[in-house]
Every structure is written in C-alpha cells, then in structure tokens.
Amino acid sequence: MPRTRASASPLFVPRKAPRARRKAARAGFAEARRQARLADTPPKHRAEETFDPELRPTYPPSGRPGPSSARGGKLSLPAHRMTTATASGAYPFVAEGGLGAEGVFIGRDVHAEAAFCFDPFSLYGRVEGFTNPNAVLAGIIGMGKSALAKSIATRSIAHGYRIYVPSDPKGEWTAVAQALGGHTIALGPGLPGRLNPLDAPARPASVSEDDWATEVRKRRLLLLAGLARTVLKRDLQPMEHTALDLALDLVVTEAATSGTVPLLGDIAHALGSPERLDRALGDQTGHLGPAAQDLAHALRRLVHGDLSGIFDAPSTVEFDPTTPMLSIDLSRLGGGGDDTALVLAMTCASAWMESALADPDGGRRWVIYDEAWRLMRHVGLLERMQSQWKLSRGLGIANLMIIHRLSDLLSAGDAGSRGRVLAEGLLADCSTRIIYRQEPDQLTAATALLGLTGVETQAVSALTKGRGLWKVAGRSFITQHILHPAERELFDTDARMSAKVREFTPTGGFSTPPRFRQVRP
C-alpha cells in the first residue's frame with residue numbers, strides 16, 4: 001500500500017498587513033503542518049498511539065480479514081416468520097403482554113413495568129383457558145393478602161359489582177362495608193341481630209311458583225342436614241333423612257296455616273314428637289321415633305344452646321339486594337378453640353345469603369370467603385361452597401377463597417376422603433390463583449397443587465409485602481399491589497389497637513360509624 005505524503009507551505013502575507021491578519025495566518029500555517037504530520041503517519045501507528053495495548057481490538061472495524069470472514073455477498077439467508085408464541089421461546093426475556101386495560105386496577109406488573117388490571121367477568125370468554133370467574137388467594141400473615149381482597153372488593157363496586165361476605169370470622173370487613181355504604185349483620189350472643197335461615201327468598205320472575213316451592217324445600221332440607229351433620233360429626237342415616245323430610249313438611253304446613261314463618265325450633269320440636277312423625281309417615285308407623293332422637297338433640301343446640309336466639313327467631317334484619325356490600329360479622333363466635341358454633345353460624349348465614357345469589361337478575365357479584373382455612377375441616381360447608389363454585393357462571397358470581405397456605409386444602413381429610421376431594425375440586429375450579437409469599441416448608445405443597453415451575457417456585461419464596469404471583473389461565477404475572485393512602489388506613493388490620501374505630505367517608509375524612517339498621521319482626 002503506497003504511503004501518503006503531505007506538506008504545508010506558508011502563504012504570502014504583506015508586511016504592512018494588520019496584526020490580526022498576520023496572527024491568523026500564522027495559526028493557519030501551524031494547523032496545516034499538524035494535519036500534514038497526521039496524514040503522513042500510517043493508520044496502524046496512529047491506532048497504537050491512541051489505544052491502550054490491553055484495549056486494542058483484535059480485528060479492525062471492517063471485520064476479520066480473509067476468506068473466513070463470510071463476506072463478499074456469497075451468504076444469503078431468507079427471511080423467517082414466526083408467531084409470538086414461538087418467539088417467546090426463542091427470546092424468553094420478552095415481557096408478557098398483560099391482560100389488557102379492562103377491569104379493576106390492581107397495581108403494577110413488575111416485569112412489564114405496566115399497569116395490571118383484572119376483571120374475571122370480562123376475561124371469561126376472551127382469554128383462552130379462562131373457564132370460570134373463581135379465584136383463590138393464599139399468603140402468609142402480614143404479606144398483604146387481606147388488603148388485596150378488600151381492595152378488589154372496594155374497586156369492583158365502582159364497576160357496578162356488589163360484594164357479599166358470608167363469613168367474616170374476625171370482623172375486619174365491617175368498617176369496609178360501612179365506608180362503602182353497605183350493611184353489616186353482626187351475629188353472636190348478646191347482639192340484637194336475628195337471622196332465620198329458613199326464610200323463603202323472593203321468587204324470581206322467571207321461575208314458576210311450583211318450581212320455586214320445590215327449590216325452597218330442597219334448600220331447607222340441605223340446610224337441616226348440614227346442621228345435623230356438623231353437630232353429630234357423622235353422616236345421616238336413611239331414616240334420619242326421612243325424619244327431617246317429614247318434620248320440615250309438618251312445620252311448613254303449620255306455618256302456612258297460621259300465617260307465620262317456619263323456625264328451627266319448630267323443626268327440633270317436631271323431631272322430638274315421635275307420634276307426629278309416625279302419623280305423617282303413614283303405613284310404616286313406629287319406626288321414625290327412635291331414629292329421630294339424635295336429630296332432635298342435635299338441632300336443640302340452635303334453640304337452647306350457645307346459639308339460642310340467633311337462628312331460632314324471626315329475622316330482625318332484612319337483605320337489601322341493592323346494597324353495595326353485605327357482610328356477616330361472626331367475630332363473637334368460634335372462641336376457645338371450638339369452631340362448632342362458628343361453623344353452624346356460617347352454615348345458616350350462607351344458606352340465608354344464597355337466596356340473594358339465586359336471583360338471576362341480581363347482577364354480577366363477588367362472594368368472598370375470608371379465613372376459608374377454617375372451613376376445610378367441615379364437609380357440609382365444603383359441599384355448599386362446591387355448589388356455588390360449579391354454578392358461578394350461571395349465577396353471575398365470582399367466588400374468592402382466602403387461605404394462608406396451600407397445604408390448608410390438604411387438611412380437609414386424608415387422601416381420597418370426601419373432604420379432600422371437595423377441597424382439591426375447589427382449587428381446580430379456580431381459573432385465577434394468587435400466591436403471596438410462602439414459607440420454605442410450604443413450597444413443595446404449593447408446587448404440587450398449582451404446578452409451579454422452578455422459576456415460579458423460587459419467585460414465591462422471595463416475594464415482598466404486597467407483591468404476588470398471579471396465575472391467570474396458565475399465564476403468570478408478578479404484580480405489585482398499589483394502595484391509595486385512604487385505602488391503607490381503612491384496610492389496616494391493626495385498627496383494633498387504636499382507641500377509636502373510625503369510618504371512612506367518600507370525602508376522604510373519617511367519622512363515627514352509624515348504627516346497624518334493625519327491622520322489627
């Protein structure tokens with residue numbers, strides 16, 4: 001390669017030229033000589049002077065020299081097209097596109113750095129694999145799962161949905177219901193609330209009177225059988241089912257004749273009258289009296305036991321289907337380690353609230369089961385929940401089950417037992433699984449029940465407060481829940497530690513909560 005040579009010569013400047021012109025000419029000549037020296041220096045020599053030897057590139061910017069450089073126009077690759085599903089495998093670090101902007105704002109998608117919204121009713125039929133609106137929320141204490149559930153309920157009301165909380169064992173939903181203009185029914189010894197679970201709900205306009213009478217009778221029989229199983233801690237015998245059937249018909253007939261409503265105390269009294277049952281049975285007399293004695297004593301607890309006066313009296317509260325939120329406060333029950341009273345109350349309250357869920361014109365609703373781990377050991381409650389889970393699409397409801405650990409589902413019974421099958425069925429019927437942080441010893445159960453990948457399992461073990469793994473129809477998101485300051489104060493689970501319980505108002509302030517509305521029988 002020939003070497004480039006350059007030189008510089010000064011221009012003629014008259015002696016009498018101005019001083020500034022002569023100075024500019026000297027500067028121009030100096031710059032021309034410097035450029036000439038640089039042009040005369042070989043490129044390799046200039047690079048060696050410019051770069052540190054340790055940082056000097058192996059090959060020039062033009063690439064590796066020689067025939068092995070694959071240059072020269074001899075290599076031509078055709079264009080390749082692929083779907084986004086295939087591209088996600090080739091480029092695994094591309095962020096998930098999200099569920100869209102429709103629905104309730106939850107927070108921030110950590111990986112996509114975008115807003116995360118969720119609405120089970122809008123996702124149904126739009127997202128492949130999203131077959132039902134039910135959801136399960138699991139997380140250890142203090143990670144913010146209660147705040148998430150209350151936030152979903154609060155923000156869903158703005159979208160026109162109603163909220164039902166059939167079981168509030170800790171009374172945490174009372175302030176939320178009052179703040180949203182809803183209603184709370186507090187049940188327990190010494191409280192004025194009375195609730196008759198045998199009340200017949202209003203008949204929907206689309207159902208005939210005969211069909212509705214058959215439906216109401218079936219609901220009442222299921223309720224009585226569930227109460228009896230809870231107290232007896234065993235399944236009912238065939239003759240006991242017959243005794244319940246006959247006692248219910250006797251009480252309903254007498255109530256219709258006298259213009260009153262049937263009560264649980266009337267059922268217990270009829271079961272304790274063998275002569276009345278034998279006469280109602282007809283030809284097969286003399287068989288039901290002894291068989292019905294255990295049932296009569298089992299229901300007596302609701303009449304004269306620790307639940308007396310709560311469910312054995314005409315209702316003093318009315319259900320308003322237009323209220324934004326209705327919660328049933330059961331914090332006065334279930335103390336001392338015995339959940340029997342709480343389970344009986346939840347069974348009665350759930351049956352009473354199901355009358356509102358049966359109305360097909362009731363709109364879209366959320367049904368939230370807080371502290372659902374306490375229900376896992378009782379088959380009767382699991383059966384009622386399974387019925388709601390299966391009929392969620394037809395009823396227009398979305399069920400939310402809140403538990404601490406995924407292993408709580410395994411506490412329903414031994415492998416293959418009725419309770420275990422029901423509990424695992426509830427999880428299978430949830431298209432949305434929200435997992436907050438789990439303890440290391442719970443990761444194995446969570447992975448087995450939810451089918452988590454290794455990356456998801458590792459993420460669950462390291463989640464911080466307010467951050468959870470959302471699995472929606474097989475798609476995974478790490479979402480940071482974002483709370484408004486007013487929500488943070490309203491949802492504070494340590495409110496009982498303060499001297500005064502306050503109520504959140506739409507204007508952003510707080511006031512003393514109003515009294516519950518009571519309706520005289």
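The values are calculated or read from the model by the stated rules, or taken from the named source; none is laboratory data. Quick caveat: nothing in here was measured; it's all calculated off a predicted structure. Here the Cβ positions follow ideal geometry from the backbone for every residue, glycine too, while neighbour counts run over all protein chains shown. What goes into the accessible areas is simple: the full protein's heavy atoms, side chains included, and nothing from ligands, DNA or RNA. Shrake-Rupley method; radii C 1.70, N 1.55, O 1.52, S 1.80 Å.
For the reader, a short list of remarks on this structure follows.
- Segments 23-35, 469-481 sorted - mean Cβ within 10 Å per residue, highest first: 469-481, 23-35
- Per-pair calculated FRET efficiency, R0 = 41 Å: R64 and K390 via Cβ, rounded to 0.05: 0.05
- Where a label projected 7 Å from the Cα of A255 along Cα→Cβ would reach, residues of region 164-207 with amide N under 13 Å: 195-202
- Cα centroid separation - region 253-269 against region 162-222, whole Å: 19 Å
- Packing-based order for 78-85, 228-235, 203-210, using average beta carbon neighbours within 10 Å, highest first: 228-235, 203-210, 78-85
- Pairs from the list K233/K390; K145/K218; K170/K465; K218/K471 with a Cα-Cα gap above 31 Å: K145/K218; K218/K471.
- Per-residue SASA remark: V110, around 30 Å² accessible (1.4 Å probe; ligands, DNA and RNA not included).
- For region 135-150, backbone phi angles converted through the Karplus equation (6.51, -1.76, 1.60; θ = phi - 60°) give residue-by-residue couplings of 9, 10, 10, 10, x, 6, 5, x, 9, x, 5, 5, 5, 5, 4, 5 Hz, Gly and Pro being listed as x.
- Here region 417-490 has 56 percent of its accessible surface on carbon and sulfur atoms, given a 1.4 Å probe and all protein chains in place.
- Ligands, DNA and RNA left out, the 1.4 Å accessible surface of region 225-350 is 51% carbon and sulfur atoms.
- The solvent-accessible area of W373, taken with every protein chain present and a 1.4 Å probe, is close to 80 Å².
- If R0 is 25 Å, the Cβ-Cβ spacing of A112 and L77 corresponds to a FRET efficiency of close to 0.20.
- The gain in end-to-end length when the A313 to E215 segment is fully stretched comes to 33.0 nm, 0.36 nm per residue minus the alpha carbon separation.
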